[in-house]
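Everything below concerns the one structure shown next.
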Amino acid sequence: MGLKERLHSDLTEAIRSRDELRSGTIRMVLTAITNEEVSGKSARVLSDAEIITVLSREAKKRREAADAFKDAGRADRAEQETKEGRVITEYLPEQLSQEDITKIIADAIAETGASGPAGMGLVMKAIQPKVAGKADGGLVSGLVKAALTGGN
């Protein structure tokens with residue numbers, strides 16, 4: 001069963017069990033996936049890897065919204081966004097630890113022979129398939145930059 005089918009199946013189950021948080025969150029995610037499928041010149045079906053990218057983006061939106069609500073003193077809305085983020089995270093692959101990411105970066109630097117800030121694009125291109133959906137992009141790029149500038 002593909003990821004999209006699993007989402008549809010879990011949505012049906014959430015509706016049956018009257019789990020409003022879960023059903024609402026899965027509906028939002030499925031809408032984001034559908035929007036991605038119909039964007040562009042022609043409609044297409046997303047692969048599981050592309051769906052993971054959409055899920056990662058949605059999870060990031062929830063984290064950022066939760067932080068914004070906390071800063072604004074809206075703890076109730078922040079908690080809601082955090083709960084939605086947890087539901088989305090269940091569908092993402094297990095996240096890599098910082099040590100794992102650092103090792104992948106070191107391997108990519110050795111492979112590509114990149115050095116200094118100019119090599120950042122080369123290293124990011126090499127590691128992207130290995131970390132896509134499994135690590136926050138901001139964290140990864142920060143670690144690559146630190147490794148290339150000797151900031152480690």
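Values in this text are rule-based calculations from the coordinates and carry no lab data. On a predicted model such as this, the values are computed, not experimentally measured, just so you know. So basically every Cβ, Gly included, is an ideal-geometry build from the backbone, and we count neighbours across all protein chains shown.
Classify segment 3-89 as rounded, prolate or oblate, taking a ≥ b ≥ c as the square roots of the eigenvalues of its Cα gyration tensor: rounded when a/c is under 1.5, otherwise prolate if a/b is larger than b/c and oblate if not. Intermediate values should be presented prior to the final figure.
Working: a/c = 2.62, a/b = 1.40, b/c = 1.87.
Taking the square roots of the gyration eigenvalues as a ≥ b ≥ c, segment 3-89 is oblate.
Quote to one decimal, in nm, the extra length available between Ala75 and Met120 on full extension: 0.36 nm per residue of separation minus the C-alpha distance between them. Numbers along the way, then the final one.
Values: separation 45, 0.36 × 45 = 16.20 nm, distance 3.84 nm.
Separation in residues times 0.36 nm, less the Cα-Cα distance, equals 12.4 nm.
If the label point is 7 Å along Cα→Cβ of Lys103, which residues in segment 128-150 have backbone nitrogen under 19 Å from it?
Hits in segment 128-150 for Lys103 at 19 Å: 128-136, 140-141, 143-144, 147.
With the dipole of segment 98-149 worked out from charges on the C-beta (+1 for Lys and Arg, -1 for Asp and Glu) around the Cα centre, which of Ala146, Leu122, Ile104 lies farthest toward the positive end?
Farthest along the dipole direction, towards plus: Leu122.
Can you give the calculated 222 nm mean residue ellipticity of the chain, where each DSSP H run of n ≥ 4 adds -39,500 (n - 2.57) and the sum is split over every residue, rounded to the nearest 500 deg cm²/dmol? Write down the numbers at each step before the final one.
Numbers: 7 runs with 112 residues, N = 152.
That comes out to -24500 deg cm²/dmol.
For segment 3-89, give the magnitude of the charge dipole about the Cα centre (Cβ charges: +1 Lys/Arg, -1 Asp/Glu; no others), in debye to the nearest 20. Intermediate results must be reported in sequence, preceding the final value.
Details: 18 positive and 17 negative charges, 13 e Å.
Rounded to the nearest 20 debye, it is 60 debye.
Subtract the Cα-Cα distance of Ala132 and Leu92 from 0.36 nm times their separation in residues, and report this length gain in nm to one decimal. Let's see the in-between values first.
Details: separation 40, 0.36 × 40 = 14.40 nm, distance 1.04 nm.
Answer, rounded to one decimal: 13.4 nm.
Among the listed pairs Lys103/Lys134; Lys83/Lys130; Lys125/Lys145, which are separated by more than 20 Å between their Cα atoms?
On the way: Lys103/Lys134 14 Å; Lys83/Lys130 28 Å; Lys125/Lys145 13 Å.
From the list (Lys103/Lys134; Lys83/Lys130; Lys125/Lys145), the Cα-Cα distance tops 20 Å for Lys83/Lys130.
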